[in-house]
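To keep things clear, I will list the structure first and then write my remarks on it.
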Amino acid sequence: MTEAVFHVFRGDAKGGSLQPYKVQVEEGMVVLDAIHRIQAQDAPDLAVRWNCKAAKCGSCSAEVNGKPSLMCKTRLDALPLDQPVVVKPIRSFPVIRDLVTDVQWNYEVNKKIPPFTPKKDAPWRWMQEDIDRVQEFRKCIECFLCQNVCHVIREHGVKSGFAGPRFFVRVASVEMHPMDDLNRTALLKDEMGIGYCNITKCCTEVCPEDIHITDNAIIPLKERVVDDHYDPVRKIFRLLSGKKSS
Amino acid sequence: MSARFETHDFDVLVIGAGGAGLRAAIEASAAGARTGVVCKSLLGKAHTVMAEGGVAAALGHVDPKDSWKVHFRDTMLGGKMLNHWRMAQLHAQEAPERVRELERWGAVFDRTADGRILQRNFGGHSAPRLAHVGDRTGLEMIRTLQDHGVHQGFEVFMECTVSRLFTEGGRVVGAFAYRRENGRFIVFRAKSIVLACGGVGKSFKITSNSWEYTGDGHALAYEAGAELVDMEFVQFHPTGMVWPPGVMGILVTEAVRGEGGLLRNSKGERFMEKYDPKRMELSTRDMVARAIYTEVKEGRGSPHGGAFLDISHKPADWVKKKLPSMYHQFMDLADVDITKGPMEVGPTTHYMMGGVRVDPDTGESTVPGLYAAGESSGGMHGANRLGGNSLSDLLVFGCRAGQGAADGAKTRSGQATIDAGQIERAERAMLAPFERADGPSPYDVHARLQETMQSLVGIFRVDEDLQKALREIARLREETARVRVTGSREFNPGWHLAIDLEAMLLCSEAIARSALVRRESRGAHSRLDYPKTEPEFGTKNTFVKKDGQAMAVGQSPLPEMPAELRAIVDAELEAVKV
Ligand SMILES: Cc1cc2nc3c(=O)[nH]c(=O)nc-3n(C[C@H](O)[C@H](O)[C@H](O)COP(=O)(O)OP(=O)(O)OC[C@H]3O[C@@H](n4cnc5c(N)ncnc54)[C@H](O)[C@@H]3O)c2cc1C
Ligand code: SF4
Ligand code: SF4
Ligand code: FES
């Protein structure tokens, strides 16, 4: 059995530092297991969020050796254990304590998105291929890792009016639902600031659910915004055909 | 009323934001009740998010012969007839509408070839009945309820834990809670309270359950004077991961078997042939769990002490489409490609059949003003739950409890005053662990409780082990009264665990005591010293109730089933499925 050293951020909104802990490593262990061992053995008050331990709930986001990750999915045997494993809270949101950050803002943004609004008298039938696209967006586990890496959020902060990739995915999941009857392009443009995104794709790279955030959600939504707000001909065409753009 | 604490008034306070709690809150709000929801984690992270295989409802999309009657019959037979017939009936009748309603709120289920909600097979269901989204049905369900719910006007208190209920003249009038973020206390006053706190699995060592599953709902109800029924019935899911050690217990969805997965032992035999030749892999969970346990015990286990579960005979792309999260789970955590070879699986503590005794129609417990729904409530599943029947249970009875609680609140003119002494005692109990100069660590006590329950109150039980477990629980309770926590009140998991221990011990005691008096084997409860199913025990439910400082155990006769329902259960399947 080998031993690994962990440098874990301990502190709160006022500041903190990396603290060293030694952990016995077992086969197949993940970073979250190591954090739990540290709690049980050395630091009972080490704050961390987790629920499923199986990459399904999106609670355990952190930066492991600088890489935004789900701790329950990050295997120790994939890390260089001859040097300390550095575990820090995700960066875009204020630290509450240790590895726990204040992600409340995300829940406020979510409330602004008008819910799924079905068409009147439409038959509740659709084909699997009509919903494959939407189901991809609905895989989101709200880990907020994409929010964490997005440079717009990092540079301008959460108060800039930019909703962030998670919520473009969320809007896409209702906008592209075959039965939805609402148009949310004004919201995307004005309140969610989709125009600030310059398609760096950093969000897509970190998504643990492999959602093609930029290609499948953001770019098509940007196109809709352009159609509705900057291209009068296509807008009229769409109004006449009674269709949201595809 | 003490002005020292943040205080909130609600008509209906829902404790829990899983499927049951959110569905209850939506209904209570719709009924015009001022509603609050409290949950221990962030919104959308409750256990419901982890559910994989599907939600059971007799929609009849794949098998048009399916109906509520067939679903009712399957549920009662799966529960070995101990289910409350009225709950099983309401559940089977109302589940289809609750699922369609989810679709109207934006859920996107997988489709049949003609564009309707697709349904899959699961153990004990005699028709393909589980509406699903790949193997992430729970995520679809909780996100739908969450995104619909945030527009219904109820107030949510995230990362906030209720530690005690307040009563006045035998009625529930409020709750005491603390915010995990800063450790500050909140007093809630409420005309009705709905418990939707989920299960108890964290008392066991090998479990599919998260840190939240400490049986808080069960314990809160018990302390307030409510009865808990069927607590001996703990579901051990046959297929949890057994390797590597860190992931032991994590669930492998029954959908693997539903989609055609085969179970084999180390000799390559499909051993279910010996235990349930008719249904084989699609037998009920109690049977399959015992079968795997027995195979391992008799030396025919897999290298890490489980059985082999194999779906690799199906096309790789199809497996990845039908079971995407299982594919990733094994690939990422165990280096196993399930499209190429078998998984190793073994039993894991999964679900609590027992819970708060409720009125089937309204969800009200035996304590006025207190309601329960979802895994915290008991009666619906009897001695063994069928897969997929929990997600549907959450919707049907979450909805009913929300309505019941709102109706109950309307009969109350105003908020009751909460006795200051009760508030003070609740505060003192919370702060005591910080004040001790010395004492055991809550993590150590927890580890020993898990060891005890795992080894003495597990799949197979005997009198002597259960007695021993009860003695150990009593010892651990004494230690819990002395546990010491260090650090501050801000997001301190050691402190939270110290508080959770009390609920875990209480549920553990209730399980062991109930198991002791059921001197037979039935459903999920197997006694090595009483291996037969005894007709005498088929007529009663076990219940526990607080009696002074002691736990009283009783047995109550099953509610009498109307003749027309009895006829459905007694008839041959072919006669019902027409
Ligand atoms: C891995 C896994 C897969 C499953 N798959 C399926 C499936 O395919 N089909 C199926 O039907 N069932 C399945 N189940 C079972 C099903 O998911 C659960 O039984 C169900 O989700 C429980 O829902 P609930 O609403 O009762 O509780 P939960 O969803 O667990 O919610 C409980 C809520 O109560 C809150 N809470 C608890 N205590 C307190 C407290 N003291 N104060 C404040 N809040 C509190 C929690 O924070 C949480 O919000 C599965 C279970 C697991 C673990
Ligand atoms: S692609 Fe857009 S949303 Fe994604 S990280 Fe880059 S700027 Fe942010
Ligand atoms: S889109 Fe992906 S990275 Fe972003 S919150 Fe959802 S799951 Fe996480
Ligand atoms: S604990 Fe759920 S994603 Fe890691």
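The values are calculated or read from the model by the stated rules, or taken from the named source; none is laboratory data. This is a predicted model, so every value here is computed, not measured. Cβ placement follows ideal geometry from the backbone for every residue including glycine, while neighbour counts extend to all protein chains displayed. With ligands, DNA and RNA removed, areas are computed over all heavy atoms of the protein, side chains included. Shrake-Rupley method; radii C 1.70, N 1.55, O 1.52, S 1.80 Å.
Among the residues of the range B:147-205, those that are within 26 Å of B:ASP407 (Cα to Cα) and assigned to a loop (DSSP other than H, G, I, E, B) comprise B:VAL150, B:HIS151, B:GLN152, B:GLY153, B:PHE154, B:MET158, B:GLY169, B:GLY170, B:ALA196, B:CYS197, B:GLY198. Pick from the range A:107-128 the residues that are in a helix (DSSP H, G or I), facing another protein chain (nearest Cβ under 9 Å) and away from ligand 1 (no atom under 16 Å from the Cβ): which of them is most open to solvent (accessible area, probe 1.4 Å)? Among residues in the range A:107-128 that are in a helix (DSSP H, G or I), facing another protein chain (nearest Cβ under 9 Å) and away from ligand 1 (no atom under 16 Å from the Cβ), the one most open to solvent (accessible area, probe 1.4 Å) is A:LYS111.
Could you say which residue among B:MET287, B:MET280, B:MET241 is closer than 30 Å to A:ARG37 by Cα and either away from chain A (no Cβ under 14 Å) or of a type outside the set (D, E, K, R) (or both)? The unique qualifying residue is B:MET241. Here A:ASP98 meets each of (1) open to solvent by less than 10 Å² (accessible area, probe 1.4 Å); (2) within 13 Å of ligand 4 (Cβ to nearest atom); (3) acidic (Asp, Glu) with one exception, condition (2). Scanning the range B:176-206 for residues that are within 24 Å of the chain's Cα centre (by Cα), open to solvent by less than 10 Å² (accessible area, probe 1.4 Å) and β-branched (Val, Ile, Thr) yields B:ILE193, B:VAL194, B:VAL200.
In the range B:350-376, what count of residues is obtained for those that are within 11 Å of ligand 1 (Cβ to nearest atom) and either more than 19 Å from B:GLY18 (Cα to Cα) or in a loop (DSSP other than H, G, I, E, B) (or both)? Of the residues in the range B:350-376, 2 are within 11 Å of ligand 1 (Cβ to nearest atom) and either more than 19 Å from B:GLY18 (Cα to Cα) or in a loop (DSSP other than H, G, I, E, B) (or both). Just one of the numbered conditions (1) aliphatic (A, V, I, L, M); (2) in contact (Cβ under 8 Å) with a residue 12 or more places away in the chain; (3) surrounded by fewer than 22 Cβ atoms within 10 Å (Cβ to Cβ) is not true of B:ALA481: (2).
Among the residues of the range B:1-46, those identified as among the charged types (D, E, K, R) and either closer than 15 Å to B:TYR178 by Cβ or within 14 Å of ligand 1 (Cβ to nearest atom) (or both) are B:ARG4, B:GLU6, B:ARG23, B:GLU27, B:LYS40, B:LYS45.
Residues in the range B:415-428 that are in contact (Cβ under 8 Å) with a residue 60 or more places away in the chain and open to solvent by less than 40 Å² (accessible area, probe 1.4 Å): B:ALA416, B:ILE418, B:GLN422, B:ILE423, B:ALA426, B:GLU427.
Pairs meeting the criteria (first residue in the range B:46-62 and at the interface with another protein chain (Cβ under 8 Å from one of its Cβ atoms) and in contact (Cβ under 8 Å) with a residue 60 or more places away in the chain, second residue within 13 Å of ligand 4 (Cβ to nearest atom) and assigned to a loop (DSSP other than H, G, I, E, B), beta carbons under 6 Å, at least 6 apart or on different chains) are B:VAL49/A:CYS57; B:MET50/A:CYS52; B:MET50/A:LYS56. Just one of (1) within 11 Å of chain B (Cβ to nearest Cβ); (2) not in a strand (DSSP E or B) fails for A:PRO80. It is (1).
Looking across the range A:191-209 at every residue that is open to solvent by 60 Å² or more (accessible area, probe 1.4 Å) and not acidic (Asp, Glu), the one that is nearest to ligand 4 (Cβ to nearest atom) is identified as A:LYS201. Within the range A:129-147, the residues that satisfy the criterion of being over 15 Å from A:PHE168 (Cβ atoms) and either away from ligand 1 (no atom under 16 Å from the Cβ) or among the polar types (S, T, N, Q) (or both) are A:GLU129, A:ASP130, A:ILE131, A:ASP132, A:GLN135, A:CYS143. Report every pair of residues separated by at least 6 positions or lying on different chains whose Cβ atoms are under 6 Å apart, first residue within the range B:306-317 and open to solvent by 40 Å² or more (accessible area, probe 1.4 Å), second part of a strand (DSSP E or B). From residues that are open to solvent by 40 Å² or more (accessible area, probe 1.4 Å), the pairs are B:PHE308/B:ARG264. In the set (1) under 30 Å from B:LEU102 (Cβ atoms); (2) facing chain A (nearest Cβ under 9 Å), B:GLU181 fails one condition alone, (1).
Looking across B:ASP438, B:ASP393, B:ASP444, one residue alone is in contact (Cβ under 8 Å) with a residue 12 or more places away in the chain and assigned to a helix (DSSP H, G or I). It is B:ASP393. Once the range A:140-165 is narrowed to residues that are open to solvent by less than 10 Å² (accessible area, probe 1.4 Å) and in a helix (DSSP H, G or I), the residue that is nearest to ligand 4 (Cβ to nearest atom) is A:LEU145. Considering each of B:HIS125, B:HIS91 in turn, give the residue that is buried (at least 22 other Cβ atoms within 10 Å of the Cβ), more than 10 Å from chain A (Cβ to nearest Cβ) and in a helix (DSSP H, G or I). None of the other options fit; the residue is B:HIS91.
Annotation: of all residues in the range B:25-45 being within 14 Å of another protein chain (Cβ to nearest Cβ) and among the aliphatic types (A, V, I, L, M), the one that is nearest to ligand 3 (Cβ to nearest atom) is B:LEU42. Restricting the range B:456-512 to residues that are in contact with a Pro (Cβ under 7 Å, 6 or more places away or on another chain) and more than 14 Å from chain A (Cβ to nearest Cβ), the residue that is farthest from B:PHE543 (Cα to Cα) is B:ARG482. Scanning the range B:61-72 for residues that are surrounded by fewer than 23 Cβ atoms within 10 Å (Cβ to Cβ) and more than 20 Å from B:ALA255 (Cβ to Cβ) returns B:PRO64, B:LYS65, B:SER67, B:TRP68, B:LYS69.
The residues of the range B:25-42 that are surrounded by 23 or more Cβ atoms within 10 Å (Cβ to Cβ) and over 13 Å from B:GLY153 (Cα atoms), listed by number, are B:VAL38, B:CYS39, B:LYS40, B:SER41.
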